[in-house]
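First the structure, in the form of structure tokens, and then the observations on it.
The values are calculated or read from the model by the stated rules, or taken from the named source; none is laboratory data. Here the structure is a predicted model, which is why all the values come from computation and not from measurement. When we count neighbours, we look across all protein chains shown, and the Cβ atoms used for this are built from the backbone with ideal geometry, even at glycine. Surface accessibility is based on the protein's heavy atoms, side chains included, excluding ligands, DNA and RNA. Shrake-Rupley method; radii C 1.70, N 1.55, O 1.52, S 1.80 Å.
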Amino acid sequence: MEIFKTQKELKKHLSSLPDKTIGFVPTMGALHRGHLSLLIRAKVECELVICSIFVNPTQFNDKKDFENYPILIDEDIKQLKSIGCDILYLPENVEDVYLNERDLNVDLGILDKVMEGINRPGHFNGVMRVVKLLFDIVSPTKAYFGLKDYQQYLIIKTMTQQLNLTIEVIGCDIIREADGLAMSSRNLLLTFQQRQVATTLIKTLQYCKDHINEAPIEALERRCLAMMTQYGEPEYFVIRRADNLEKVTPDYTGEVRAFVVCKIGKVRLIDNLQVR
Ligand code: PAF
């Protein structure tokens, strides 16, 4: 695996490999099986696989969250080599990524104004900025994102369409631990006891799925939220249309997902599930 610390060197290297299909997996490191599953899919579908590891400061609205974000570069590099990743972009500083930034003109409608958009002001703007810059540097054919961050996936897909980028944005299934907890770099921050409690998220999502046709949507949202408060500090539990995150109206027959965010101790966990 080749490691590039500047975009200049990476771009020079890529220009010597024209015509290769590139599969790209942007990450913030602390890699787990969820990330590896994206990389393995990229490996199957593309000729060249590029991963980036960059803890992007502009997407953290909470300074402490940024400072506490786990950094495990040596371990990450070992894992990337073990699955045959071809290239790692590991920028040496923030400036290298933001070097050629231009204004972004994207209309996200309600996508950045609900759920995480309310609870983490500025977060999606930071995600869009960095993903667009990384797309410009890597010029991927396909880019892979985990559906655990479903709202992020929809926003990146919308941005790519509106900017007419010829990149296929692929959403990949959530990878879970044996007890159902969604894989996340933040799970590393949980104590043993908190780790047990954290399964409440998937249990409540599953409960929601089991009862989706029995109760009015808003009553079910309230019931699920109340269930979560016994174990942690839930920020929200909402049931939305999967295509655009609008509320589910009685005449809507398409795919529906439930979304939950809950703090267990100091760790903010996020999960979602298709419930209809
Ligand atoms: O999902 C993430 O890890 C980040 O939001 C991303 C897409 C790498 C942008 O920093």
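Using the structure shown, list the pairs from LYS78/LYS203; LYS148/LYS247; LYS11/LYS81 with a Cα-Cα distance above 24 Å, or answer none.
Details: LYS78/LYS203 33 Å; LYS148/LYS247 19 Å; LYS11/LYS81 21 Å.
Over 24 Å Cα-Cα: LYS78/LYS203.
For LYS11, put the label point 7 Å out on the Cα→Cβ axis and report which residues of region 134-157 keep their amide N under 14 Å from it.
134-140
Counting Lys and Arg as +1 and Asp and Glu as -1, what is the net charge of the other residues whose Cβ lies under 9 Å from the Cβ of ASN187? Working shown, then result.
Details: positive: ARG186, ARG195; negative: GLU177.
Cβ neighbours under 9 Å give a net charge of +1.
Based on the mean of other Cβ atoms within 10 Å per residue, sort peptides 247-254, 142-149, 216-223 so the most packed one is first. All intermediate terms of the calculation are to be shown ahead of the outcome.
On the way: 247-254: 10.5, 142-149: 21.2, 216-223: 15.0.
Those peptides, ordered most packed to least, come out 142-149, 216-223, 247-254.
Give the accessible surface of region 1-69 per residue, rounded to a whole number of Å², with probe radius 1.4 Å and ligands, DNA and RNA excluded. The partial results should precede the final answer.
Working: 3490 Å² over 69 residues.
On a per-residue basis, region 1-69 sits at 51 Å².
Of the heavy-atom accessible surface of region 59-189 (probe 1.4 angstrom), what whole percent is carbon and sulfur? Please report the intermediate quantities before stating the final value.
On the way: 3010 of 6420 Å².
Ligands and nucleic acids excluded, carbon and sulfur give 47 percent.
Skip the ligands, DNA and RNA, and give the accessible area per residue of region 103-220 with a 1.4 Å probe, whole Å². Intermediate results must be reported in sequence, preceding the final value.
Values: 5430 Å² over 118 residues.
Value returned for region 103-220: 46 Å² of accessible area per residue.
Run the quick spin-label model on ALA215 and THR229: label points 7 Å from Cα toward the beta carbon, then report their separation in nm to one decimal.
1.3 nm
Calculate how steeply helix 200-211 sits against the longest principal axis of the alpha-carbon atoms of the chain, using the helix alpha-carbon long axis, and give the answer as 0 to 90 degrees to the nearest 10.
Value to nearest ten degrees: 60.
Round to a whole angstrom and tell me the spacing of the C-alpha centers of region 20-86 and region 166-224.
Distance between centres, Cα-based: 22 Å.
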